[in-house]
């Protein structure tokens, strides 16, 4: 209750502040329109991203922003609806905002790609770049690829490959369980593809699709997994479909490796709890203990400061790479004009905060960055959600390892 | 054989959880004719109350306090809101509870946040009770079975062996007559609504840490409970009990039985190939649609036997 009160007060204060000072200041800033669900059942996704973005932007602005101007974040609630996201796009282009950013939902991303393409074609004097910070359907940088779309997160195929690469040699029997909709089906397909390619010795002993969000009791699935003799469970499930599955496994004492794609996001650690110690793994772009493990003290200090200011984990700190990319591209182009900095962003390579060389691949505008598989365990420096357990890196995959082929046939603007 | 036995246990545990949730709803629905859409919200509140109370004074006192809080809230809702709305008929009541469900969900989000809360099983019960073919049977699941069995017994005794129980039972089938005989029917309504809320709260308390306590738990549990109530039949606690167990077992076995229509057809000498019409549907394995079977059963029961399994009144 108190937290909520604090949040409300700070939001109101921020609003008043932006109303009084924003107008005079706006002329000089580079605005970024951020749209994600800020209300409804998925509100926490947008809400927490927003706070973490603000912290990151403050840092980037402290390092000079871009072309001598500061970045400013504008948010727009899309209620998880593609139509609302298109309203956000309209609002952005009406104000001549050069960048629109969106993280959750590949269906929304597909609508935005189409919307941005159409808009830019019709309005060559008022173009906009779409930064995708987490819509992961592989098609978006393949069949559906667009010059104006830059994906700053690994797609499903890359996450699946990371997961397969993380399987230790002695694991030869795996069980796949995914949600029965576009995303879950592509996880299922891609994991099998990479198993066949990289680990032909691994046998898929179970392959299951479950109705999205309909299963309350996962015990029967656990019984089945147990009976199959699998050594590892590979799942792309998120939300209750992921936490209930893992909880049921823990309760039944199913002592295998659990490989997930989303256990590290908000709420995962709380729902899994101490029982998950050493069993649950997650494929991720970042966790706060990486800087500790690799001795990056400046990055560690930076994430620690976020923890001190906010009441939760800085799991999205990896988004800093997005703004460093924008900063570098705009500085290189000497302009915040979408047509100019997008050309500079293509093929750009920068060094990220963990010291890796990350590239925005020119052919399909897909980021190639390092990726990690962490295990949820006791005895790490930074725990998650006050559970006493946190993530420890088990596998690191290099950017070059994820350089998967693509089918993008990109149309570039002529002027 | 081992899968059969383990699945039986799984189905039993899930079915009993459903029963805890559905018994309160069936009482309210049968008695007052209100399809209480806020019932699952009470279940959610029960879990959250239990979480907050158990952090201060422990799980065991919370076992009484959290459902009691839900009961008080239920009584207040009935006395000060639902009774007014009641004058305008059942549709108004139904819409009222729909609105209430949304309000409770939002209020819960504001009070406890959007993320799951760390509501955990008490340490005494957080261990395997016994092993069965290499799988653990968790002690807490045994506890759930015990509580729900006690609950069934308590409701049954209350309804058949006490005076108020007799009045409630009479009102289930002949509400007008009970009123005409001079019983305070509104008060009976309050008791039933509060009692139903207590049962939902208890189910939330027990189910909240077995599953995950988060703001969407009401929305995900709601539909299946309605199915149980309609399937079991109005005015019948035994029907509700049997329906819960059937739903629990059906969903459990649907997961374990890896068959499709194509397999059945192949048995009788009609192999399905990719060129067969509807091959996509016919080869769909049962586990993929298992969670939807209860809804199919709901439709069938409404078509064939609208009173449900053991209903004493039409839906």
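Given the options B:26, B:108, B:220, which has the most mean-square fluctuation in a GNM of chain B, springs set between C-alpha atoms less than 10 angstrom apart?
B:220
Treating only the Cα positions of segment A:281-405 as identical point scatterers, give the base-10 log of I(q)/I(0) from the Debye formula at each q in 0.16, 0.17, 0.18 Å⁻¹.
Relative scattering, expressed as log10 I(q)/I(0), comes to -0.83, -0.91, -0.98.
Which distance in nm do the two modelled labels at residue B:90 and residue B:219 give, with both placed 7 Å along the Cα-to-Cβ direction?
In this crude spin-label approximation the distance works out to 2.8 nm.
Against the 2.2 N^0.38 Å scaling, with N counting residues, where does chain A land? I'd like the Cα-based Rg ratio to two decimal places. Provide the component values of the computation, followed by the final result.
Values: Rg = 21.2 Å, N = 415, 2.2 N^0.38 = 21.7 Å.
In units of the 2.2 N^0.38 Å rule of thumb, it is 0.97.
Which value at 222 nm does chain B reach when only helices count, each DSSP H run of 4 or more adding -39,500 (n - 2.57), with the total divided by all residues and rounded to the nearest 500 deg cm²/dmol? All intermediate terms of the calculation are to be shown ahead of the outcome.
Details: 15 runs with 225 residues, N = 315.
Rounded to the nearest 500, it is -23500 deg cm²/dmol.
How many partner chain Cβ atoms sit within 10 Å of a residue's Cβ in peptide A:222-231, on average, as a whole number? List each step's numbers first, then the result.
Numbers: counts 5, 14, 7, 0, 6, 7, 0, 0, 0, 0.
Taking the mean over all residues of the peptide, I get 4.
So how many Å³ per residue does the convex hull of the Cα atoms of segment A:239-350 work out to? Could the numbers behind the result be given before it?
On the way: hull volume 17.2 nm³, N = 112.
For segment A:239-350, the hull spanned by Cα atoms encloses 153 Å³ per residue.
Sort out for me the Cα centre separation of segment B:69-132 from segment A:354-386, rounded to whole Å.
Distance between centres, Cα-based: 40 Å.
Taking 60 Å as R0, compute the FRET efficiency from the Cβ-Cβ separation of residue A:87 and residue B:157 and round it to 0.05.
On the way: r = 58 Å, r/R0 = 0.97.
Step by step, r from the Cβ atoms, then E = 0.55.
Measure nothing but the geometry: give the 0 to 90° angle between the long axis through the Cα atoms of A:82-94 and the longest principal axis through the Cα atoms of chain A, rounded to 10°.
30 degrees
When a footprinting reagent is the concern and you count Cβ atoms within 10 Å, what order do B:60, A:302 take, fewest first?
Least crowded to most crowded, the residues run B:60, A:302.
Bin all alpha-carbon pair distances of segment A:223-283 at 5 Å intervals from 0 and give each bin's fraction as a whole percent.
4, 20, 36, 27, 11, 3, 0
Angle between the Cα long axis of helix A:156-166 and the longest principal axis of chain A, 0 to 90 degrees, nearest 10?
Helix A:156-166 sits roughly 40 degrees off the main axis of chain A.
Taking just the alpha-carbon atoms of segment A:182-273, what radius of gyration and Dmax come out, in angstrom?
Over segment A:182-273's Cα set, Rg and Dmax evaluate to 13.0, 36 Å.
Okay, helix-only estimate at 222 nm for chain A: each DSSP H run of n ≥ 4 adds -39500 (n - 2.57), divide by all residues, round to 500 deg cm²/dmol; what do you get?
Numbers: 13 runs with 170 residues, N = 415.
Helix contribution divided over all residues of chain A: -13000 deg cm²/dmol.
Just to confirm the number: angle between the C-alpha axis of helix B:185-210 and the first principal axis of chain B, 0 to 90 degrees, nearest 10?
40 degrees
What is the ratio of the Cα radius of gyration of segment B:1-117 to 2.2 N^0.38 Å, where N is its residue count, to two decimals? Could the numbers behind the result be given before it?
Working: Rg = 16.9 Å, N = 117, 2.2 N^0.38 = 13.4 Å.
Dividing the Cα Rg of segment B:1-117 by 2.2 N^0.38 Å gives 1.26.
7 Å from Cα along Cα→Cβ at both residue A:362 and residue B:64: what's the point-to-point distance in nm?
A separation of 7.6 nm, rounded to one decimal place.
Given springs between every Cα pair under 10 Å in a Gaussian network model of chain B, which of B:157, B:265, B:292 has the largest fluctuation?
Residue with maximal mean-square fluctuation among B:157, B:265, B:292: B:265.
According to the Kirkwood expression over distinct Cα-Cα pairs, how big is the hydrodynamic radius of segment B:82-165, in Å? Intermediate values should be presented prior to the final figure.
On the way: mean 1/r = 0.0572 Å⁻¹.
Every distinct Cα pair counted, the radius reaches 17.5 Å.
Top mean-square fluctuation among A:291, A:317, A:91, Gaussian network model of chain A, C-alpha springs under 10 Å?
A:91
Assuming R0 = 25 Å, what is the FRET efficiency of residue A:54 and residue A:95, from their Cβ-Cβ distance, to the nearest 0.05? Intermediate values should be presented prior to the final figure.
Working: r = 19 Å, r/R0 = 0.76.
Computed FRET efficiency for residue A:54 and residue A:95 comes out at 0.85.
In whole Å, what are the Cα extents of the protein assembly as shown along the three principal axes, biggest one first?
The principal-axis extents, from largest down, are 88, 67, 54 Å.
How would you rank B:307, B:55, going from fewest to most other Cβ atoms within 10 Å of each one's own Cβ? Please list the in-between numbers first.
Details: B:307 18, B:55 13.
If I rank by nearby Cβ atoms, fewest first, I get B:55, B:307.
Roughly how many Å is it from the Cα centre of segment B:1-41 to that of segment B:216-247, as a whole number?
Using only Cα atoms to place each centre, the spacing works out to 5 Å.
Quick check on segment B:2-218: what does the Kirkwood estimate of hydrodynamic radius come out to from the alpha carbon pairs, in Å?
Working: mean 1/r = 0.0549 Å⁻¹.
Mean inverse Cα-Cα distance, inverted, gives 18.2 Å.
No lab work stands behind these numbers, since they all come straight from the coordinates. Keep in mind that this is a model prediction, so the values were computed, not measured. A quick note on method: Cβ atoms are made from the backbone with ideal geometry, for glycine too, and the neighbour counts reach across all protein chains shown.
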